[in-house]
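What follows is a single structure, and I will ask about it in a moment.
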Amino acid sequence: MPDVEIRPFSDEHLEAAAALLADRHERHLAAEPLLARDVDYRAQLAAIDGDGLVALRGGELRAYLFGETTGEDAFVPFAGCAAVEPELLRDLYAVLAPTWERNRQRVHVPATDTVLIDVWFRLAFGVQLVFGVRETAGDARAPTDVTVRLGRDDDLDDAARLSNMLWEHQHSSPSFSGRTLYSFESMREHWRGTWNDPAYVHFVAERDGKAVGQLLLFRRPEDDLRIPSGNIDLSHASVAPEARGAGVGVALTECALAWARGEGFRSMTVDWREVNLLASRFWPRRGFRPTFYRLYRHVP
């Protein structure tokens with residue numbers, strides 16, 4: 001756009017960019033009340049560990065875009081883009097993306113912002129992962145033939161076994177995850193000490209005395225736009241293949257919600273891969289509403 005000037009983001013743009021982010025988030029809150037409130041938008045922007053660009057028209061900031069990089073990919077964080085003129089984000093991406101030098105790219109956008117989503121769809125991004133939230137209030141409807149209890153140290157082998165079953169499922173069609181599968185011993189080490197860490201709460205589902213599922217809650221820090229106060233995160237859930245579709249996941253979820261409600265947590269967050277057919281159907285049926293999408297693009 002010839003009348004638009006693109007510049008590197010600097011401190012002089014912080015106030016105007018924070019106003020754009022505030023406007024975006026207030027519209028998001030109007031559609032979904034279970035998001036972070038009393039947000040310091042300047043701090044959200046200042047915390048981004050990456051370079052940014054702004055689009056100016058007549059000296060007025062009309063859009064901004066930030067990107068961070070990891071060893072594997074580049075990503076736009078939850079507060080990483082906002083615009084009065086969303087189409088300008090395509091121009092900013094065209095300038096910023098080559099500097100990432102990563103062919104795997106992801107961007108986080110509000111699930112209710114159809115205009116913003118359309119911008120990224122037209123940049124060849126598609127939905128990869130969904131972040132969701134729901135209230136902890138509700139009536140339990142768990143099946144009676146499943147026993148759910150709190151996990152303990154001697155669940156280590158079962159925790160590793162069930163975790164690997166989830167990873168294996170993510171590798172199957174149509175998910176086709178390329179992440180490296182862990183050995184049983186590596187997964188055991190990953191889980192070791194979980195039950196001594198107050199940040200985690202582990203649940204095990206048993207049927208006929210055998211562990212057939214598990215769920216892990218995490219006291220996630222309230223440091224981004226999607227985490228409301230009084231929230232706990234459902235960070236992992238896995239059901240053995242032979243037990244899927246028989247109510248084990250429902251029992252685990254209902255027990256976790258009841259525990260969270262009893263502990264004073266008002267909401268619960270979760271995320272799932274949209275290409276995981278089981279997860280993408282299960283969590284909305286449990287009442288979780290999408291809050292953010294993680295959109296993904298692999299550049300040839």
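Readers should treat all values here as calculations from the given coordinates under stated rules, not as data from a laboratory. Please read these numbers as outputs of a predicted model, since none were measured by experiment. Every residue, glycine among them, receives a Cβ derived from its backbone with ideal geometry; neighbour counts consider all protein chains shown.
Starting from one equal scatterer on each C-alpha and no solvent at all, send me the Debye-based log10 I(q)/I(0) for the range 28-163 at q = 0.17, 0.20, 0.21 Å⁻¹, two decimals.
Normalising to I(0) and taking log10 leaves -1.00, -1.25, -1.34.
Only sites in a loop by DSSP and with at most 15 other Cβ atoms within 10 Å count here; which GluC sites (Glu not before Pro) in the range 144-222 make the cut?
In loop regions of the range 144-222 (DSSP not H, G, I, E or B), the sparsely surrounded GluC sites (Glu not before Pro) are Glu222.
Sticking with this one: With runs of 4+ DSSP H residues as the only contributors, calculate the mean residue ellipticity of the chain at 222 nm using -39,500 (n - 2.57) per run, divided by the residue total and rounded to the nearest 500.
-9500 deg cm²/dmol
Could you list Ser163, Ser238, Ser183 so that the one with the fewest beta carbons within 10 Å of its beta carbon is first and the one with the most is last?
Ser183, Ser163, Ser238
Considering just Cα atoms, how many Å³ per residue does the convex hull of the range 1-46 enclose?
Here the figure is 93 Å³ per residue.
Sticking with this one: Please compute the net charge surrounding Val299, taking Lys and Arg as +1 and Asp and Glu as -1 over other residues with Cβ under 10 Å from its Cβ.
Summing Lys/Arg as +1 and Asp/Glu as -1 gives +3.
Show me, for the range 4-13, the HN-Hα J-couplings you get by feeding each phi into the Karplus relation (A = 6.51, B = -1.76, C = 1.60, θ = phi - 60°), rounded to Hz, glycine and proline as x.
Each residue of the range 4-13 in turn: 10, 9, 9, 10, x, 5, 9, 4, 5, 9 Hz.
Given H placed 1.01 Å from N in the peptide plane, which residues other than close sequence neighbours of Arg226 have an amide H under 5 Å from its amide H?
Amide H neighbours of Arg226: Ala36.
Let me ask another. Between Thr147 and Thr99, what is the spin-label point distance in nm, taking each point 7 Å from the Cα along the Cα→C-beta axis?
5.9
Take each uninterrupted DSSP H stretch in the chain, measure its Cα extent along the helix axis, and return the ones at 20 Å or beyond whose mean Kyte-Doolittle hydropathy is at least 0.5.
Length and hydropathy pass: 248-262.
Report, to two decimal places, the Cα Rg of the chain normalised by 2.2 N^0.38 Å (N = number of residues).
Cα Rg divided by the expected 2.2 N^0.38 Å: 1.09.
What number does the range 105-249 give for Rg over Rh if you use C-alpha atoms and the Kirkwood radius?
1.00
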